[in-house]
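The values are calculated or read from the model by the stated rules, or taken from the named source; none is laboratory data. No experiment lies behind these values; they were computed from the predicted model shown. Cβ sites come from the backbone with ideal geometry, for glycine too, and all protein chains shown count toward neighbours. These area figures cover heavy atoms from the full protein model, side chains too; ligands, DNA and RNA do not enter into them. Shrake-Rupley method; radii C 1.70, N 1.55, O 1.52, S 1.80 Å.
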Amino acid sequence: MKPKLKLCLQLLLTFMKIGVVTFGGGYAMIPIIENETSKKKKWIEPDDLIDVIALSESTPGPISICAATFIGYKLAGLAGAFCATVGVVLPSFVIIYLISLFLRQFEEIRIVSYAFFGIRAGVLALLIKAVISMFKKSPHNIIAYCIMAGSLIAVAFFSTNVIIVLLSAAVIGLTAALIAKKRGREL
């Protein structure tokens with residue numbers, strides 16, 4: 001098997017695995033993406049993952065799909081991006097399709113409602129892990145803390161559009177970095 005074809009197949013299978021075991025969307029997938037692509041497969045450096053997440057956050061679409069696409073493209077070009085994207089989307093698509101066929105019957109099964117209660121608790125734990133992981137890899141200075149606090153307040157209390165928050169954070173960060181560079185310091 002050709003090396004690129006083999007890598008594309010690995011991307012497809014790895015992201016299918018990620019898609020199958022993760023409930024709760026993109027943020028819940030971040031720790032699993034990190035574990036599979038950075039720790040196990042060594043496809044990307046841990047520090048590069050934070051850049052992939054930031055870039056995925058700034059582009060349209062779900063964060064997990066964007067991250068899979070970026071990682072796939074970085075490793076195997078357009079074919080890798082396609083395989084990784086299909087891999088992360090396919091399990092959810094199949095599961096949702098099957099559930100939609102039997103939705104009325106599922107609603108009435110008490111054990112299913114209990115299972116989803118447990119899944120929501122697990123998703124919360126994954127989200128907290130993602131926040132802690134991203135916090136550890138983020139800059140630790142007064143400007144970063146102000147951007148973080150301002151973003152949280154804008155989104156949580158004023159329901160500000162996330163795109164506006166991201167663009168504002170990027171502009172503030174870029175401005176602060178340029179000012180620090182002009183003064184001969186690092187941010």
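For region 1-97, trypsin sites (Lys or Arg not before Pro) meeting the loop criterion (DSSP other than H, G, I, E, B) and having at most 15 other Cβ atoms within 10 Å: Lys41, Lys42.
Across region 3-102, Cα pairs under 8 Å and at least six residues apart give a relative contact order of 37 percent.
Expressed as a whole percent, the accessible surface of the chain that belongs to carbon and sulfur atoms is 72, based on a 1.4 Å probe.
Accessible surface for region 139-187, divided over its residues, is 80 Å² per residue with a 1.4 Å probe. Taking the C-alpha atoms only, the angle from helix 110-137 to the longest principal axis of the chain is near 30 degrees. Descending by average beta-carbon neighbour count within 10 Å, the peptides 140-147, 7-14 line up as 7-14, 140-147, the highest first. A 1.4 Å probe run over region 3-102, with the rest of the protein chains in place, finds 52 Å² accessible per residue. Lacking any other cysteine beta-carbon closer than 4.7 Å, the following Cys residues of the chain have no compatible partner: Cys66, Cys146. Each residue of region 6-16 is assigned a 3J(HN,Hα), and the resulting list reads 5, 5, 4, 5, 4, 4, 4, 5, 5, 6, 5 Hz, derived from the Karplus form 6.51 cos²θ - 1.76 cosθ + 1.60 (θ = phi - 60°), x at Gly and Pro. Candidate cross-link partners of Lys41 among the lysines, defined by an alpha-carbon separation under 19 Å and a same-chain spacing of 8 or more, comprise Lys2, Lys4, Lys6, Lys17, Lys74. Each residue of region 88-95 in order: what ³J(HN,Hα) in whole Hz does its phi give by Karplus 6.51 cos²θ - 1.76 cosθ + 1.60, θ = phi - 60°, with x for Gly and Pro? Whole-Hz 3J(HN,Hα) from phi for region 88-95: 7, 8, 4, x, 5, 4, 5, 4.
Packing around the peptides 50-58, 80-88, taken as the average count of other Cβ atoms within 10 Å per residue, puts them in this order, highest first: 80-88, 50-58.
Here Lys181 is the anchor, and the lysines within straight C-alpha reach of less than 29 Å, apart from those fewer than 8 places off in the same chain, are Lys136, Lys137. When the helices of the chain are scored as -39500 (n - 2.57) per DSSP H run of n ≥ 4 and the total is divided over every residue, the value at 222 nm lands at -27500 deg cm²/dmol. Taking Phe70, Phe15, Phe158 and ordering them by how much accessible surface each has at a 1.4 Å probe, largest first, produces Phe158, Phe70, Phe15.
Of interest is the spacing of the C-alpha centroids, which for region 128-153 and region 69-118 amounts to 29 Å. Between Leu174 and Ala79, the modelled labels are 3.6 nm apart [label points 7 Å from Cα along Cα→Cβ].
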